[in-house]
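The values are calculated or read from the model by the stated rules, or taken from the named source; none is laboratory data. Keep in mind that this is a model prediction, so the values were computed, not measured. Counting neighbours? That spans all protein chains shown, and the Cβs are built from the backbone with ideal geometry, glycine included.
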C-alpha cells in the first residue's frame, strides 16, 4: 500500500496573474509593458522556486508547448501529440528524430540549472539541427553571463540575448528563443528555467497589428513585445499549474487505494513527466500490471489518457 501526504501535492494554491496586468497591452508604452511584465513575473516567481510534487510535470508540459511552437518556426508540421509520440513511444536510447530532438532541447531546458557552458550549448545546437563553431559558442556564453549579471530588467536581458543571437546567425532564431529563457531564469535567480517565450512567438504580443507581420528578435519594439508576451506566458503557466495541482492532489489522495507493487514508480513518473506510456515496465511492474494500474487510475479519475488511442496509450495528470 502507498501512503503519501496529500498536502505534498501543493503547499498552497498556485498564484495567478492579476486581471489588470492581462488587459490588452500590445499598444502599451514601454514603461507600462515593463510594469505589467514585472507584476506577472512576480506571480510566476513563486512557482518557479517552489518544490511542489507536480513541478516536474508542469515544467515538462511547458516544454512541450514550446516544442510545438518550435515546429512552426522551423517549418515542420508536428503538433504536441506527434511530439509526445516521438519522444515517449520510441525504444529506449534510440533517436527520436528531428522533431523529437528539438523537443529534447526544451526538455533539457526545463530540467537543468540556467547555466551556459560551451559544452552544453554545443549539445543544444546539435539537438536543434544547427552547426556552430566552438569558439563562437564560448563567446556566446560570455555574453549570456554578462547579460544575466547586468542591471537590466530580466525581460530586457532576455530580449537582448535573442537579438544578439539572431544578429550573429539569422538562421538560429530557435536557439535565440531557447537562450532567452535561460537568461530570463539567470536574471531572476530561478533554480531552473521555465520554457516560456517561444510559445508566444506567433501570438498577438509579437504582431504590430492583428494579422500583421511578426516582430522578430532585434527588430523595433521587440523588447516591448517580450514584456507583453511574458504577461501572457506567465498567466498561462499559472493556469496550467493550478490545473496540475488539482490533478496531483487527486492522484496523491487515492494513492493508498493502489495495491500494485510498482504503483509508487508510476505515481512518481506521472508527477514528473508530461506523459507516461501505458505499457511502462519497471523492475516491480510488468506490462500487463501497468495496463491494469492505468485502467484503475482512470476509473478513479486520477489520470487522463492523452493520445485518444486504444493502443500505444499515453497517460498524464
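Restricting attention to the stretch 293-302, does a residue exist that is in contact with a strand residue (DSSP E or B) (Cβ under 7 Å, 6 or more places away or on another chain), surrounded by fewer than 18 Cβ atoms within 10 Å (Cβ to Cβ) and farther than 25 Å from residue 107 by Cα?
Yes, that holds for at least one residue.
If you go through the stretch 178-193 one residue at a time, do you hit one that is surrounded by fewer than 15 Cβ atoms within 10 Å (Cβ to Cβ), touching a residue at least 40 places away in the same chain (Cβ under 8 Å) and in a loop (DSSP other than H, G, I, E, B)?
Yes, there is a match, as at least one residue in the stretch 178-193 is surrounded by fewer than 15 Cβ atoms within 10 Å (Cβ to Cβ), touching a residue at least 40 places away in the same chain (Cβ under 8 Å) and in a loop (DSSP other than H, G, I, E, B).
Over 20 Å from residue 112 (Cα atoms), surrounded by fewer than 19 Cβ atoms within 10 Å (Cβ to Cβ), out of contact with any strand residue (DSSP E or B) (no Cβ under 8 Å at 6 or more places or on another chain) and modelled with pLDDT under 95: does that describe residue 167?
Details: over 20 Å from residue 112 (Cα atoms): yes; surrounded by fewer than 19 Cβ atoms within 10 Å (Cβ to Cβ): yes; out of contact with any strand residue (DSSP E or B) (no Cβ under 8 Å at 6 or more places or on another chain): yes; modelled with pLDDT under 95: no.
It is false that residue 167 is over 20 Å from residue 112 (Cα atoms), surrounded by fewer than 19 Cβ atoms within 10 Å (Cβ to Cβ), out of contact with any strand residue (DSSP E or B) (no Cβ under 8 Å at 6 or more places or on another chain) and modelled with pLDDT under 95.
Please go through the stretch 256-273 and pick out each residue that is out of contact with any strand residue (DSSP E or B) (no Cβ under 8 Å at 6 or more places or on another chain) and surrounded by fewer than 19 Cβ atoms within 10 Å (Cβ to Cβ).
256, 257, 259, 264, 268, 272
Let me spell it out: the conditions are (1) free of Cβ contacts under 8 Å to residues at least 60 places away in the same chain; (2) under 21 Å from the mean Cα position of the chain (by Cα); (3) buried (at least 17 other Cβ atoms within 10 Å of the Cβ); (4) more than 30 Å from residue 162 (Cβ to Cβ), and residue 277 meets all of them except one. Which number is the exception?
(1) is the only condition that residue 277 fails.
Determine if the stretch 64-75 includes at least one residue that is without any contact (Cβ under 8 Å) to a residue 40 or more places away in the chain, farther than 24 Å from residue 185 by Cβ and in the same structural domain as residue 237 (by TED's automatic domain parsing).
yes
Kindly indicate whether residue 228 is in contact with a helix residue (DSSP H, G or I) (Cβ under 6 Å, 6 or more places away or on another chain), surrounded by 18 or more Cβ atoms within 10 Å (Cβ to Cβ) and closer than 22 Å to residue 46 by Cα. Spell out the reasoning first.
On the way: in contact with a helix residue (DSSP H, G or I) (Cβ under 6 Å, 6 or more places away or on another chain): yes; surrounded by 18 or more Cβ atoms within 10 Å (Cβ to Cβ): yes; closer than 22 Å to residue 46 by Cα: yes.
For residue 228, the condition - in contact with a helix residue (DSSP H, G or I) (Cβ under 6 Å, 6 or more places away or on another chain), surrounded by 18 or more Cβ atoms within 10 Å (Cβ to Cβ) and closer than 22 Å to residue 46 by Cα - is met.
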